[in-house]
């Protein structure tokens, strides 16, 4: 009898303790357990579980700890899968992505004729006079061999679209290929025979435009293309949002919006219909910039989905279309040094004004001459506003080719190099042909910048590149393409376009393209999370999985921090959580 009583008392006490523990548990709106969590905090802490209340993380720890302290009606058992902070694309074009998903997608095309056939199909269903739009062609990908690839001409498009104007953006967004109908329309308001400051119009031997317009010359055609309506733009933005969520992107630095874009974003944020956090940059000078400088930076403090406190300027063009501004001539076009698209004085004056009004400035600079000018003008502006120097977070977008003496200046001036890893692996097939074996050592120089104490917020520049951040992560740690090439100097010599000097040191291609410039996996992950957050002044709000931060989380099908590099390319996003809400589920 005494034994039975003791057993009974034990059960009662155990039950009471259990009820006491349960009653002390806090309620969470979402709990994830049994996960492989890379928090990306200051100590690179690993964890197993996370609890979310509202749009914030309330606790991170072991599965046992979270289960002991939190109860929820929404528990996700990760079953060992990997979770990382929401991925941030620090340089992209949202409207461009939406357009690429609705217009002709020329990414990966291999010839002029293939594109002509795609245009012909679109013309069949087009209204008379309707513009045929597309993006993504790259003449460097056409044909075989390692010789110089020529730009196409309007004649190819005229055969398939004599009556519908055609405008096809090059992959980098810095050149267009158009047909004769498009030029006929443009001639009503433009003289296509003149030289354009900061732009190039290609002409044939008779002086007629060939259909290729570069940098500032693009506007001569583009200004005649009908604008999308507000309703059409909203639909395109929603396409872009969904595409981002599919790839685990929870935040985007949108590189250049106008007033209409801002009003659309603001309306969507106010209606809680914006599922991706947007850090939008004002596109260049003009009325919208003047208005924003008067009213000051904008931030949606309720949902933290929209911030406008930065200005996007351009200094040069792109390397692929030889518009990037170089100190010395192009190795494969000795008569050209590229183009400067904005005067240095205008860059300095806008930067000074921005600093006085609390705005950040981000300058597109690809060539070493453009990067040098950007650093020089930033330095002058910071001297006028020395109190801003420690936290202005001025940025050079791309920082693609840098002169050796300018690499240390980024850290010295606290200038952020904002770079896109997949640009290196897309351009590597022809980059040395453009700039030779000496300047290439300062190109896509991630390791050199990191070792000088810089951070590198990473992006894709979509739709220039595919939006998937894992492709950028892979490129950052391998400096190889999806086929694992180059493996060595033999691959480079066989398939890459090189300058006349050829390969000087075969060791630089052992296991990749100039492998000394690789990032570590930890750096690559930070570049798409915490460093991106810092670049938009939000490092205390997002970019890592920590208590108090916004609950932006991504669940992956594989552990990208430990699997073989090629496994990263087949890793899927299984869940994208933004502010504690599941916005995408595979």
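The values are calculated or read from the model by the stated rules, or taken from the named source; none is laboratory data. These numbers come from a predicted model, not from an experiment. Heads up, the Cβs are rebuilt from the backbone with ideal geometry, glycines too, and the neighbour counts pull from every protein chain shown.
Can you list residue pairs whose Cβ atoms sit under 7 Å apart, with the first residue in segment 539-553 being at positive phi and at pLDDT 95 or above and the second being part of a loop (DSSP other than H, G, I, E, B) and buried (at least 23 other Cβ atoms within 10 Å of the Cβ)? Count only pairs 6 or more apart in sequence or on different chains.
Between residues of segment 539-553 that are at positive phi and at pLDDT 95 or above and residues that are part of a loop (DSSP other than H, G, I, E, B) and buried (at least 23 other Cβ atoms within 10 Å of the Cβ), the close pairs are 543/529.
Only one of (1) under 19 Å from residue 460 (Cα atoms); (2) in contact with a helix residue (DSSP H, G or I) (Cβ under 7 Å, 6 or more places away or on another chain) is not met by residue 224, so which one is it?
Going through (1) under 19 Å from residue 460 (Cα atoms); (2) in contact with a helix residue (DSSP H, G or I) (Cβ under 7 Å, 6 or more places away or on another chain) one by one, residue 224 breaks only (1).
Being surrounded by fewer than 17 Cβ atoms within 10 Å (Cβ to Cβ), in contact with a strand residue (DSSP E or B) (Cβ under 8 Å, 6 or more places away or on another chain) and part of a loop (DSSP other than H, G, I, E, B) is the filter here, so list the residues in segment 293-307 that pass it.
297, the sole residue that qualifies.
Looking at segment 197-233, which of the residues that are part of a helix (DSSP H, G or I), surrounded by 16 or more Cβ atoms within 10 Å (Cβ to Cβ) and touching a residue at least 24 places away in the same chain (Cβ under 8 Å) is nearest to the chain's Cα centre (by Cα)?
233
Determine whether segment 66-85 contains at least one residue that is surrounded by 21 or more Cβ atoms within 10 Å (Cβ to Cβ), assigned to a helix (DSSP H, G or I) and either in contact (Cβ under 8 Å) with a residue 12 or more places away in the chain or in contact with a helix residue (DSSP H, G or I) (Cβ under 7 Å, 6 or more places away or on another chain) (or both).
yes
Just to check your reading of the model, which residue among 339, 401 is buried (at least 24 other Cβ atoms within 10 Å of the Cβ) and out of contact with any helix residue (DSSP H, G or I) (no Cβ under 7 Å at 6 or more places or on another chain)?
339
Taking residue 393 as the residue in question, decide whether it is closer than 15 Å to residue 352 by Cα and under 24 Å from the mean Cα position of the chain (by Cα).
For residue 393, the condition - closer than 15 Å to residue 352 by Cα and under 24 Å from the mean Cα position of the chain (by Cα) - is met.
Suppose we filter 245, 192 for residues that are touching a strand residue (DSSP E or B) at 6+ places or on another chain (Cβ under 6 Å), assigned to a loop (DSSP other than H, G, I, E, B) and in contact (Cβ under 8 Å) with a residue 24 or more places away in the chain; which single one remains?
Result: 192 is the single residue among 245, 192 that is touching a strand residue (DSSP E or B) at 6+ places or on another chain (Cβ under 6 Å), assigned to a loop (DSSP other than H, G, I, E, B) and in contact (Cβ under 8 Å) with a residue 24 or more places away in the chain.
Out of 395, 447, report the one residue that is under 25 Å from residue 529 (Cα atoms), surrounded by fewer than 20 Cβ atoms within 10 Å (Cβ to Cβ), touching a residue at least 24 places away in the same chain (Cβ under 8 Å) and in contact with a helix residue (DSSP H, G or I) (Cβ under 8 Å, 6 or more places away or on another chain).
Answer to the check: 447.
Assess whether residue 442 counts as being in contact with a helix residue (DSSP H, G or I) (Cβ under 9 Å, 6 or more places away or on another chain), surrounded by fewer than 24 Cβ atoms within 10 Å (Cβ to Cβ) and at positive phi.
Considered against the rule, which asks whether it is in contact with a helix residue (DSSP H, G or I) (Cβ under 9 Å, 6 or more places away or on another chain), surrounded by fewer than 24 Cβ atoms within 10 Å (Cβ to Cβ) and at positive phi, residue 442 comes out as no.
So is residue 248 at pLDDT 95 or above and at positive phi or not?
Here the answer is yes, as residue 248 does meet what is asked.
Between 421, 469, 463, which is at pLDDT below 95 and crowded, with 24+ Cβ neighbours inside 10 Å?
Exactly one of 421, 469, 463 is at pLDDT below 95 and crowded, with 24+ Cβ neighbours inside 10 Å, namely 463.
Would you confirm, using the coordinates I've provided, whether residue 330 is more than 30 Å from residue 276 (Cβ to Cβ), surrounded by fewer than 18 Cβ atoms within 10 Å (Cβ to Cβ) and touching a helix residue (DSSP H, G or I) at 6+ places or on another chain (Cβ under 7 Å)?
For residue 330, the condition - more than 30 Å from residue 276 (Cβ to Cβ), surrounded by fewer than 18 Cβ atoms within 10 Å (Cβ to Cβ) and touching a helix residue (DSSP H, G or I) at 6+ places or on another chain (Cβ under 7 Å) - is not met.
Restricted to segment 508-524, and to residues that are crowded, with 16+ Cβ neighbours inside 10 Å and over 19 Å from residue 453 (Cβ atoms), which residue is nearest to the chain's Cα centre (by Cα)?
By that ranking, first place goes to 521.
Consider segment 89-105. How many of its residues are surrounded by fewer than 19 Cβ atoms within 10 Å (Cβ to Cβ) and assigned to a loop (DSSP other than H, G, I, E, B)?
Residues meeting the conditions: 2.
As an exercise: evaluate residue 307 against (1) in contact (Cβ under 8 Å) with a residue 40 or more places away in the chain; (2) in contact with a helix residue (DSSP H, G or I) (Cβ under 9 Å, 6 or more places away or on another chain); (3) more than 28 Å from residue 403 (Cβ to Cβ) and give the number of the one condition it does not meet.
Against the list (1) in contact (Cβ under 8 Å) with a residue 40 or more places away in the chain; (2) in contact with a helix residue (DSSP H, G or I) (Cβ under 9 Å, 6 or more places away or on another chain); (3) more than 28 Å from residue 403 (Cβ to Cβ), residue 307 comes up short only on (2).
In this structure, does residue 108 turn out to be outside any helix (DSSP H, G or I) and either crowded, with 20+ Cβ neighbours inside 10 Å or in contact (Cβ under 8 Å) with a residue 40 or more places away in the chain (or both)?
Considered against the rule, which asks whether it is outside any helix (DSSP H, G or I) and either crowded, with 20+ Cβ neighbours inside 10 Å or in contact (Cβ under 8 Å) with a residue 40 or more places away in the chain (or both), residue 108 comes out as no.
Only one of these conditions is not met by residue 288: (1) touching a helix residue (DSSP H, G or I) at 6+ places or on another chain (Cβ under 9 Å); (2) over 20 Å from residue 230 (Cα atoms). Which number is it?
Only one criterion is unmet by residue 288, namely (2).
Here are some conditions: (1) out of contact with any helix residue (DSSP H, G or I) (no Cβ under 7 Å at 6 or more places or on another chain); (2) more than 27 Å from residue 218 (Cα to Cα); (3) surrounded by 18 or more Cβ atoms within 10 Å (Cβ to Cβ). Residue 386 meets all but one. Which one does it not meet?
Among (1) out of contact with any helix residue (DSSP H, G or I) (no Cβ under 7 Å at 6 or more places or on another chain); (2) more than 27 Å from residue 218 (Cα to Cα); (3) surrounded by 18 or more Cβ atoms within 10 Å (Cβ to Cβ), residue 386 violates only (3).
Considering segment 271-292 alone, what residues qualify as being in contact with a strand residue (DSSP E or B) (Cβ under 9 Å, 6 or more places away or on another chain), farther than 20 Å from residue 97 by Cβ and either buried (at least 21 other Cβ atoms within 10 Å of the Cβ) or at pLDDT 95 or above (or both)?
Hits for segment 271-292 are 288, 289, 292.
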